[in-house]
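Down below is the structure, laid out as structure tokens.
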Amino acid sequence: MADEETEAVEQAEPEKKGGIGGKIVNAIGILVLVIAGNIASNIVINDYLPQFSPKVSVGGGEAADGAAKEAAEEEPTGPPIYLALEPALVASIDDEDAIRFVQINVEVMARKQAALNAVMTHTPVIRNNLLMMLGRKDISELTSSEGKEKFRQEALEEVQSVLKKMEPADPDEPLGDIEDLYFTGFMVQ
């Protein structure tokens, strides 16, 4: 009786297929997924994120080459590099009869390390100017999305302004620009 049950269980279990046939099927499946992913990423980059699409110029002589060089100088190249201004900016703000505190974590983005090196060199001036700007803000400006975005743009312009006023450490090396400024933490108490 036990032998009959064992044989019935063995017959009920499906046979495991392995070997080279299964490996070929798996490899083809992986290849299809990689190709589909490549096609999908090209579609997304070309249609929705054209700033990350490689630029290809087609013939046109020297005039086209000159225009391509000008466009290349204007367009940011290289991956973005981020630098956090540490520690977080903390300021007190008058709010009617109370004093409130604002803490903001700030990061700047550039595509050249030289620009971030300039920010590190001039961090005391940048922090001072941002804290002074923050202290002049009304609490209602800092609690609305529009006010935060406006302050972010003003802070970016201030950082860019400070770097333009300061002498570069190496005048022969192009400094690059601070392209953007982000608030990675924003707390009002």
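Read the figures in this text as sums done on the coordinates, not as results from a lab. In this text the structure is predicted, and so the values were computed from the model without any measurement. FYI the Cβ positions are ideal-geometry reconstructions off the backbone, even for glycines, and counts take in every protein chain you see.
Non-local amide H neighbours of residue 185 (under 5 Å, H modeled in plane, Pro and chain starts lacking H): which ones?
Those lying under 5 Å, H to H, from residue 185 are 105.
Work out the FRET efficiency for residue 186 and residue 165 from their Cβ-Cβ distance, taking R0 = 25 Å, and round it to the nearest 0.05.
For R0 = 25 Å, the calculated efficiency reads 0.40.
Between residue 129 and residue 96, what is the spin-label point distance in nm, taking each point 7 Å from the Cα along the Cα→C-beta axis?
3.5 nm
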